[in-house]
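Working notes for the structure below.
Here, each number is a calculation from the coordinates, and none is a lab measurement. Everything numeric in this text was worked out from a predicted model, so none of it was measured. So basically every Cβ, Gly included, is an ideal-geometry build from the backbone, and we count neighbours across all protein chains shown.
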Amino acid sequence: MRPVYILFIAIALIAACETEKNKPNANLHVPFRKDSLVGNWMIISLNTTSSNNQYENLMDSVINPMKEKIVLSAFSFQPEGTVLIDEGKVERTNGQWKFNSSKQLLIQQEDTSLMTMPLFSVTRYRNDSLTLENIIEHKKENLHIRYILKRLRNNDSVPNLFDPALNKWREKPLHAEDEAAIRSRLKQVLYYYAAYFANISGNKIPVFNIQKILCPILFYSGGIGLQKFHKGNEWKKIFYDNSDAEKAHAMLGHAFSDIKDYPDKGGNYVQEYVVALKMVADAL
């Protein structure tokens with residue numbers, strides 16, 4: 001595939017999300033109940049309000065690191081109060097969630113090495129969009145942090161990202177694998193990310209971050225390419241060791257060389273990635 005490079009890592013966020021300054025609960029157009037949260041969601045934006053002159057310093061030290069970690073994290077809320085959290089790493093996190101009578105949500109992750117989510121207030125719920133707010137007390141400054149979540153709907157062309165069959169590649173191998181097993185694992189990864197981009201497109205998610213893609217793929221307009229292999233890359237954790245990861249990378253290189261015609265979706269790059277990743281998987 002012959003790529004043509006464009007700068008697209010930062011896709012514009014929905015302006016309404018950034019400028020929304022509604023009072024708590026003022027925008028609950030439909031009643032929000034505990035069961036309203038059940039299902040899959042993705043955080044698509046994080047923004048703050050503050051009047052303190054230390055705001056810029058707080059953004060650099062507190063908020064921007066949170067954005068990098070939290071934005072585009074996906075959550076699967078189950079009716080019995082469990083939650084599965086995908087922060088864009090190989091390992092996902094299990095946790096518990098509770099929704100109290102004051103319409104406040106608490107998410108407690110089982111892995112305390114990760115950021116424990118605070119108590120959230122539900123401030124907006126409409127058309128599969130949910131806004132949660134919490135307040136961080138930082139010395140003399142209180143930061144009101146708003147998290148905008150989008151519900152991930154599924155259909156025949158938009159798979160459930162939390163489907164166990166789609167996530168078998170996350171199961172760490174217990175020993176070095178032969179070429180057939182490595183190829184199978186690699187196909188699973190490519191099909192998963194094809195499903196990931198199908199969710200981005202089908203659910204009209206306005207932003208994505210290639211740093212959260214655990215596959216050495218370069219994304220361009222009019223094509224995709226292959227990154228160089230790096231031993232320290234998070235991607236190698238999918239495989240038993242560096243040796244198996246290098247074998248998988250070589251397989252990807254051969255598959256790329258076999259693809260001649262890149263799919264054309266009329267400039268809809270995300271839709272093209274869905275098809276292209278499946279093409280590479282099928283060429284393995």
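Once the Cβ-Cβ distance of Glu246 and Ser102 is raised to the sixth power relative to R0 = 41 Å, the FRET efficiency obtained is 0.15. Where in the stretch 251-267 does the amide nitrogen come within less than 16 Å of the point 7 Å from the Cα of Lys228, taken along Cα to Cβ? Backbone N within reach: none found.
Which entries in Lys212/Lys247; Lys172/Lys278; Lys98/Lys236; Lys98/Lys187; Lys172/Lys204 show an alpha-carbon gap greater than 30 Å? Before the final figure, lay out each step's value.
Values: Lys212/Lys247 22 Å; Lys172/Lys278 23 Å; Lys98/Lys236 35 Å; Lys98/Lys187 37 Å; Lys172/Lys204 32 Å.
Pairs exceeding 30 Å: Lys98/Lys236; Lys98/Lys187; Lys172/Lys204.
In this simple spin-label model, placing a label point 7 Å from the Cα along the Cα-to-Cβ direction at both Asn94 and Leu284 gives a separation of 2.7 nm.
Per-residue packing, averaged as other Cβ atoms within 10 Å, sorts the ranges 168-181, 72-85, 267-280 into the order 267-280, 72-85, 168-181, beginning with the highest. Over the stretch 164-283, the ratio between the Cα radius of gyration and 2.2 N^0.38 Å evaluates to 1.04. Ignoring lysines fewer than eight residues from Lys103 along the same chain, the ones with Cα atoms less than 21 angstrom from its Cα are Lys21, Lys23, Lys34, Lys150.
First measure r as the distance between the Cβ atoms of Asp156 and Asp35, then evaluate 1/(1 + (r/R0)^6) with R0 = 25 Å and state the FRET efficiency to the nearest 0.05. If you can, show how the numbers build up before the last one.
On the way: r = 25 Å, r/R0 = 1.00.
Working from the Cβ atoms, E equals 0.50.
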